[in-house]
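J.: Submitted below is the structure of interest, expressed as structure tokens.
The values are calculated or read from the model by the stated rules, or taken from the named source; none is laboratory data. Keep in mind the model is a prediction, meaning the values are calculated, not measured. Glycine gets a Cβ as well: all are built from the backbone with ideal geometry, and neighbour counts include every protein chain shown. These area figures cover heavy atoms from the full protein model, side chains too; ligands, DNA and RNA do not enter into them. Shrake-Rupley method; radii C 1.70, N 1.55, O 1.52, S 1.80 Å.
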Amino acid sequence: MSSGQHTLIFDNGVTDIADLVIGADGARSCIRSLVSSAMPQYCGVTIVEIQFIFVDDRHPEIAKLVGRGTIFALSDNKGLIGQRNGQNQIRVYITLRAPENWIVESGIAFDQPEQARKDLLRLFADWDNSLLNFIHFCDANFIPRPLYTLPTNHRWETHPGVILLGDAAHLMSPFAGEGVNLAMLDATELALAITNADDLKQAIHNYEQKIFPRAAKAAEESSSNLDLFISTGNAGKIAAEFFKKLMESGPPKDTQI
Ligand SMILES: Cc1cc2nc3c(=O)[nH]c(=O)nc-3n(C[C@H](O)[C@H](O)[C@H](O)COP(=O)(O)OP(=O)(O)OC[C@H]3O[C@@H](n4cnc5c(N)ncnc54)[C@H](O)[C@@H]3O)c2cc1C
């Protein structure tokens, strides 16, 4: 509508008129196309997500290996990346460089967990047994996810009445570990922009100017980490040095809002 308002038409037939449509609808955002023609592109890496629930009691050896943070085991364009989550769970990402349609091409039947387990173990046949235990003993649920990204410097012209937030605005691979942080910062930034500006158009513009550079920086970092970590080079050593530097530098200083 010329006022910048938008009419929303929901599947259940309900319609509404909104002053501001916030596209916080994730990687496959349908709101994104209102402001940008960018489409997510496959980044060359697919992960298979596995997990351990009640890990401390059921798999103390896995709990000990991952500890309270994250473990990265990287080599030969592959990785086993374990992450401590809340509620006594550990999630592991079986990571590999693969064609976009690898999920089908590989012939792995991800809906038949015991067969998938065997096939995935074959891909990591020469890896240490302590790491293969992730695949041997994980819960019987294998979720393959090809990773998609938007251009690292994704931005758009201010569009009255519509904004993007989180992955809808800046989808990146998880190798900077920033996606959730950025989405929460975006939301806070937007609330402040609306509160502080005289009108909605100015608020949208101010919000976008804040989030664009921050997201671009994280997206660059995520892209370069992916190239370093999932590589044929000395990925393990590079990752170790990277995390050492990260720990030494302390918390980031540019997240003040
Ligand atoms: C394998 C993997 C590991 C990750 N690890 C980390 C990590 O360690 N740390 C980190 O910070 N980030 C990580 N991320 C990234 C993080 O998950 C995302 O950046 C974050 O979830 C983005 O939040 P969001 O709210 O923008 O999108 P989402 O979490 O995708 O939420 C969007 C929501 O919108 C809903 N939705 C979509 N379309 C519609 C519609 N038409 N109508 C109604 N609802 C709709 C969806 O159902 C969903 O609930 C990881 C991502 C992946 C894939």
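J.: Mean-square fluctuation check for the chain, GNM, Cα pairs under 10 Å: which of Asn225, Asn77, Asn12 is largest?
T.: In this elastic network of the chain, the residue with the biggest mean-square fluctuation among Asn225, Asn77, Asn12 is Asn12.
J.: Next question. Under the √(5λ) rule applied to the eigenvalues of the Cα gyration tensor, what semi-axes describe the equivalent ellipsoid of segment 41-148? Give them in Å, descending.
T.: Working: eigenvalues 99, 42, 36 Å².
Semi-axes (√(5λ), whole Å): 22, 15, 13.
J.: List the extent of the Cα atoms of segment 1-44 along each of their three principal axes, largest first, rounded to whole Å.
T.: 40, 25, 13
J.: Further question: Between Asp198 and Arg145, what FRET efficiency comes out of the Förster formula 1/(1 + (r/R0)^6) with R0 = 35 Å and r the beta carbon distance, rounded to 0.05?
T.: Efficiency, rounded to the nearest 0.05: 0.25.
J.: Given DSSP loops and a limit of at most 12 other Cβ atoms within 10 Å, what is the longest stretch of the chain that contains no such trypsin sites (Lys or Arg not before Pro)? Let's see the in-between values first.
T.: Working: sites that count: Arg28, Arg68, Lys253.
In short, 69-252.
J.: Something else now. To the nearest 500 deg cm²/dmol, what mean residue ellipticity at 222 nm is calculated for the chain from DSSP H runs of n ≥ 4 alone, each contributing -39,500 (n - 2.57), summed and divided by the residues?
T.: On the way: 9 runs with 102 residues, N = 257.
Rounded to the nearest 500, it is -12000 deg cm²/dmol.
J.: May I pose another question? GNM, the chain, Cα, under 10 Å: largest mean-square fluctuation among Phe242, Phe212, Phe175?
T.: Phe242
J.: With +1 assigned to the C-beta of every Lys and Arg and -1 to the C-beta of every Asp and Glu, and no other charges, what is the dipole magnitude of segment 1-118 about the Cα centre in debye, to the nearest 20? Intermediate values should be presented prior to the final figure.
T.: On the way: 11 positive and 13 negative charges, 104 e Å.
The calculation lands at about 500 debye.
J.: Kindly list the residues of segment 186-223 that lie in the label zone of Gln41, defined by a backbone N under 16 Å from the point 7 Å along the Cα-to-C-beta vector.
T.: 219-223
J.: Follow-up question, since we're still on this one. Using a 7 Å offset from the Cα along the Cα-to-Cβ direction at both Thr7 and Ile53, what is the distance between the two label points in nm, to one decimal?
T.: Result for the modelled spin labels: 4.5 nm.
J.: Give the long-range amide H neighbours of Gln51: residues separated by 5 or more places, or on another chain, with amide H under 5 Å away, using H modelled in the peptide plane at 1.01 Å from N.
T.: Close amide H contacts, sequence-distant or interchain: Val92, Asp139, Asn141.
J.: If you add up the charges near Thr70, with Lys and Arg at +1 and Asp and Glu at -1, over every other residue whose beta carbon is less than 11 angstrom from its beta carbon, what do you get?
T.: Working: positive: Arg68, Arg84, Arg91; negative: none.
Net of charged neighbours comes to +3.
J.: What stretch of the chain, leaving out the sites themselves, is the longest with no GluC sites (Glu not before Pro) in a DSSP loop having at most 16 other Cβ atoms within 10 Å?
T.: Working: sites that count: Glu100, Glu157.
Answer - 158-257.
J.: Connecting C-alpha atoms closer than 10 Å in a GNM of the chain, tell me which of Thr15, Thr232, Thr70 has the biggest fluctuation.
T.: Thr15
J.: What is the chain's relative contact order, in percent, from Cα pairs under 8 angstrom and six or more apart in sequence?
T.: Details: 404 pairs, mean separation 60.6, N = 257.
Computed value for the chain: 24 percent relative contact order.
J.: Between 0 and 90 degrees, rounded to the nearest ten: what's the tilt of helix 235-249 against the longest Cα principal axis of the chain?
T.: It is inclined by approximately 50 degrees.
J.: Using a 1.4 angstrom probe and counting only protein chains, how large is the accessible area of Leu228 in Å², to 10?
T.: For Leu228, solvent-accessible area is about 70 Å².
J.: What number do you get for segment 141-257 when its Cα radius of gyration is normalised by 2.2 N^0.38 Å, N = residues?
T.: Details: Rg = 16.6 Å, N = 117, 2.2 N^0.38 = 13.4 Å.
Ratio of Rg to 2.2 N^0.38 Å for segment 141-257: 1.23.
J.: How big is the charge dipole of the chain about its Cα centre, in debye rounded to the nearest 20, if each Lys and Arg gets +1 on its Cβ and each Asp and Glu gets -1 on its Cβ?
T.: Numbers: 22 positive and 31 negative charges, 123 e Å.
With only Lys, Arg, Asp and Glu charged at Cβ, the dipole is about 580 debye.
J.: When the gyration tensor of the chain is built from Cα positions, what are the square roots of 5 times its three eigenvalues, in whole Å, from largest to smallest? Can you show the working numbers first?
T.: Values: eigenvalues 284, 93, 60 Å².
After diagonalising the Cα gyration tensor, the semi-axes are 38, 22, 17 Å.
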